[in-house]
Amino acid sequence: MSDDLDLEPLASLDDDDEEVLLAESDDFDMPDVDSEFPEPDADGASSNTPGGGTGTPADVDLSKKSFDPITKFFEDTPSKVYDDPAYYKTVLTGENDTAKRIHMVLTRYLTCQDPKDKTVYRQQIVTAFWEFVKSVAPKMINSSTPMCKRMFLRYGVLLPSLFTAEQKDMFAKAITENTSGEPVYYMDEWFQAIASGTLSLSATDETRPTHKAGAGNGAEEQRRLMELQSKNSGKLQSAESQVKVQEAARKTVETELQAKLNVLADHNPHPVLPRYHAAYSDTQRRAITEINEKLRALIKIDKELDKALREMAEVKASYDSVAQKLEAGPAPAALNTGDLETEMSTVRQMAKMTIGRQGNQFPLFSREFFHCMPKSTGFRENVINILSWIESIDPGAFCRIHKNMSNRIVPFVLLLPTYGDFGFCWEPFDRYNRITSRGRIIVPMYPRDLTIAILRAVADLRWQVAKEKASYYWMEEGLTGQYYQWIDSKKLKGDLKSFFVEDYILWMTKESTGVQRLDKTVRGIFWRFMPFPQALKDDLKKRSLVYAELCQKDMNRAMSDGY
């Protein structure tokens, strides 16, 4: 750390706070929150609903086809939460011994002059931070939790004096609530959703322990039923989509049929015998042929609709049966401490992965390490705006195919306050509902380039979804198969997915603008399996013969077997 940062944060604290901060842990007595701190004011209030709306972002709406444009990125009036002189003490108040430890280590770190000792304290802060998170996270389910504790989890802000004036103003104007309704969560909202049961636990390689006969059996049965219900929910949504598609198709054909019948029923008088109607005209005779075709189409649609309705009825019966069993079972606990601790350990691992082995593991916000501009900081609105841009170039980025239907399913996005550069996909979809469940991608909030970090996460999601779709044949079929065969033909050594991620970044940032950076074969693979929108294709083919040839191949495939 630079010398001007060592003691300057302490200068903004009053005398009492400075004495508390510089005290040794044995002498540090935590104040009682009820007696020493008033209730948070309007700026410190927080919603108990992740997302802030009446609905929950966890619900999947298959009818939504794109992100709503972000029109407001920051509040006009800054929050006063970081102006509270008791911010630091309020974050530490009411917690266990981990608060004393992080206070002691942070004090030594900020006042230390020896670079070697500073490195040791810096490593100790990492451990102390995540231990302290275990104490703070369960309180997120309580709507009366002070806002500063939420901001500690959300942005890693423990000591507001580590802000510069500009940074403090920027974070104070950050929009607190999720006004978009998109499944993008800050860390405090994520733990709140996990604790309340809105979100299920993130997948891990560890298997859940099986409970022996006794008190644990009821909870285990409830967990099994919830997993079954998640699977049934995906089947029900898929079946409902099939029914809606067939109903829409029937409505379209019926409208066209009605128009043909109207043409057929319109009779002109005979030119020689005006008291009589003329025979059918050539147009009407063609209409009869077309009516026959429409009737055959209706018969086919009716069979598909009947099949879809029967499947939906069966799935709904199964869904309702499990729902009744869940209602008859014991009520879920308001806070599942075991699950929350499991998720906290998982999130810590996620944070490490966003940083990488050689990155900056420092977990607290500090002006020395934060170098992002307002639009390049991982605030929710900035992330949604970039995701919308990605989808405008890669329309299939968040789509999954089921029964020849493309379902747009935006993944859960967890924003972690780390100085990492690596966004990634934790899981492509829920293991119990592969049809309509959301995947999970992780995005660092303070990277060198936010767009690249999010592109890495989306590329990882793209790869994993394509690999799961191809299943055992992922090295032979589809996107992953053709890309693997190209890598194998080039005798390239290294992680296959890493090669794909870097090529995807070039595809989105360079090739989409007409700048050719990919190998010809890779460009052809991406053009086939991750196509640009038609308008962009038409623009690219005017720029280069390379893209014109790819467009011609599209036309040839459409005229033969198609995609």
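The values are calculated or read from the model by the stated rules, or taken from the named source; none is laboratory data. If you're wondering where the values come from, they're calculated on a predicted model, not measured in any experiment. For neighbour counting, all protein chains shown are included, and Cβ atoms are generated from backbone atoms with ideal geometry for every residue, glycine included. Please note that ligands, DNA and RNA were not included when accessible areas were found on the heavy atoms of the full protein model with its side chains. Shrake-Rupley method; radii C 1.70, N 1.55, O 1.52, S 1.80 Å.
To check my understanding: the extent here is largest minus smallest coordinate of the Cα atoms along each principal axis. What are those three numbers for the range 111-202, in Å, largest first?
47, 31, 23
For the residue pair K537 and F73, what label-to-label distance in nm results when each label sits 7 Å from Cα along the Cα-to-beta-carbon direction?
Simple spin-label model gives 3.3 nm for this pair.
Can you compute the modelled spin-label distance between K65 and S392, with each label point 7 Å from Cα toward Cβ, in nm?
It works out to 1.7 nm between the two label points.
From zero outward in steps of 10 Å, how is the percent of C-alpha pairs of the range 248-393 spread across the bins?
Calculated over all Cα pairs of the range 248-393, the distribution is 8, 14, 14, 15, 15, 13, 10, 6, 4, 1 percent.
Which of the pairs K231/K325; K65/K469; K467/K493; K65/K231; K469/K542 have their Cα atoms more than 25 Å apart in this structure?
On the way: K231/K325 15 Å; K65/K469 22 Å; K467/K493 20 Å; K65/K231 23 Å; K469/K542 34 Å.
Violating the 25 Å limit, Cα to Cα: K469/K542.
I'd like the FRET efficiency for A558 and T119, computed as 1/(1 + (r/R0)^6) with the beta carbon distance as r and R0 of 60 Å, rounded to 0.05. Don't jump to the answer; show the numbers that get you there.
Details: r = 61 Å, r/R0 = 1.02.
Calculated transfer efficiency: 0.45.
Just grab the label-to-label distance for Q258 and A548, each label 7 Å out from Cα along the Cβ direction, in nm (one decimal).
Output for this residue pair reads 4.8 nm.
In Å, what Kirkwood hydrodynamic radius results for the range 484-546 from the alpha-carbon pair distances?
Working: mean 1/r = 0.0802 Å⁻¹.
Result for the range 484-546 stands at 12.5 Å.
Do you know the relative contact order of the chain, to the nearest whole percent, from alpha carbon pairs under 8 angstrom that are 6+ apart?
Values: 729 pairs, mean separation 85.2, N = 563.
Across the chain, relative contact order equals 15 percent.
Could you work out the relative contact order of the range 247-398? I mean the mean sequence separation of Cα pairs under 8 Å and 6+ apart, divided by the number of residues, in percent.
On the way: 47 pairs, mean separation 22.6, N = 152.
After rounding, I find 15 percent.
Could you give the semi-axes, largest first, of the ellipsoid that matches the range 162-201, computed as the square roots of 5 times the alpha carbon gyration tensor eigenvalues and rounded to whole Å?
Semi-axes (√(5λ), whole Å): 27, 12, 6.
Carbon-plus-sulfur fraction of the accessible area of the chain, 1.4 Å probe, in percent?
Numbers: 14850 of 29140 Å².
Carbon and sulfur: 51 percent of the exposed surface of the chain.
So what's the range 401-478 giving for Cα Rg divided by 2.2 N^0.38 Å, two decimals? Show your work: numbers first, answer last.
Working: Rg = 13.7 Å, N = 78, 2.2 N^0.38 = 11.5 Å.
Normalised Cα radius of gyration, the range 401-478: 1.19.
What does the helix-only formula give at 222 nm for the chain: each DSSP H stretch with n ≥ 4 adding -39500 (n - 2.57), the total divided by the residues, and the result rounded to the nearest 500 deg cm²/dmol? Walk me through the intermediate numbers first.
Numbers: 20 runs with 301 residues, N = 563.
Helix-only estimate at 222 nm: -17500 deg cm²/dmol.
Please list M226, M559, M445 from largest to smallest accessible area, probe radius 1.4 Å, with all protein chains kept in place.
Working: M226 110, M559 155, M445 0 Å².
The ordering from most to least exposed comes out as M559, M226, M445.
Top to bottom by accessible area (1.4 Å), largest first, where do K325, K118 land? Write out the running numbers ahead of the final one.
Numbers: K325 115, K118 15 Å².
So the residues, ranked largest to smallest area, are K325, K118.
Which of the lysines could a cross-linker bridge to K64, judged by Cα under 20 Å and excluding same-chain residues fewer than eight apart?
Filter leaves K235, K244, K403.
Distance between Cα centroids, the range 386-406 to the range 281-308: provide it in whole Å.
33 Å
Dimensions of the range 421-543 along principal axes (Cα, Å, largest first)?
46, 37, 32
What does the convex hull of the Cα atoms of the chain come to per residue, in Å³, rounded to a whole number?
Details: hull volume 132.9 nm³, N = 563.
It comes to 236 Å³ per residue, whole-number rounded.
Excluding ligands and nucleic acids, what accessible area in Å² is computed for C399 using a 1.4 Å probe, to the nearest 10?
Here the accessible area works out near 40 Å².
Roughly how many whole Å is it from the C-alpha centroid of the range 121-189 to that of the range 499-563?
Here the answer is 42 Å between Cα centres.
From the gyration tensor of the Cα coordinates in the range 75-152, what semi-axes in whole Å does the equivalent ellipsoid have, largest first, with each one equal to sqrt(5λ)? Don't jump to the answer; show the numbers that get you there.
Numbers: eigenvalues 133, 55, 21 Å².
Computed over the range 75-152, the values are 26, 17, 10 Å.
Under 10 °C and 1.306 mPa s, how fast does the range 339-416 diffuse according to Stokes-Einstein, given a Kirkwood radius computed over C-alpha pairs? Answer in µm²/s, whole number. Walk me through the numbers before you get to the answer.
On the way: Rh = 15.6 Å.
Here the translational diffusion coefficient equals 102 µm²/s.
Taking Cα pairs under 8 Å and at least six residues apart, what relative contact order does the range 223-323 come out at, in percent?
Working: 69 pairs, mean separation 46.5, N = 101.
Across the range 223-323, relative contact order equals 46 percent.
Between L295 and L496, 0.36 nm times their residue separation minus their Cα-Cα distance comes to what?
Working: separation 201, 0.36 × 201 = 72.36 nm, distance 5.14 nm.
Gain on extension, L295 to L496, equals 67.2 nm.
Taking 0.36 nm per intervening residue step and subtracting the Cα-Cα distance, what contour gain separates C399 from K375 on full extension?
Details: separation 24, 0.36 × 24 = 8.64 nm, distance 2.69 nm.
Length difference between fully extended and current span is 5.9 nm.
Out of F422, F500, L326, whose Cα points farthest toward the positive end of the dipole of the chain (charges: +1 Lys, Arg; -1 Asp, Glu; placed on Cβ)?
Selected residue: F500.
How many Å² of accessible area per residue for the chain, probe 1.4 Å? Don't jump to the answer; show the numbers that get you there.
On the way: 29140 Å² over 563 residues.
With all protein chains present, the chain gives 52 Å² per residue.
With 16 Å as the cut-off, how large is the P(r) tail for the range 107-158, expressed as percent of Cα-Cα pairs? Don't skip to the answer; put the middle values down first.
Working: 658 of 1326 pairs.
Counting every Cα pair in the range 107-158, those more than 16 Å apart make up 50 percent.
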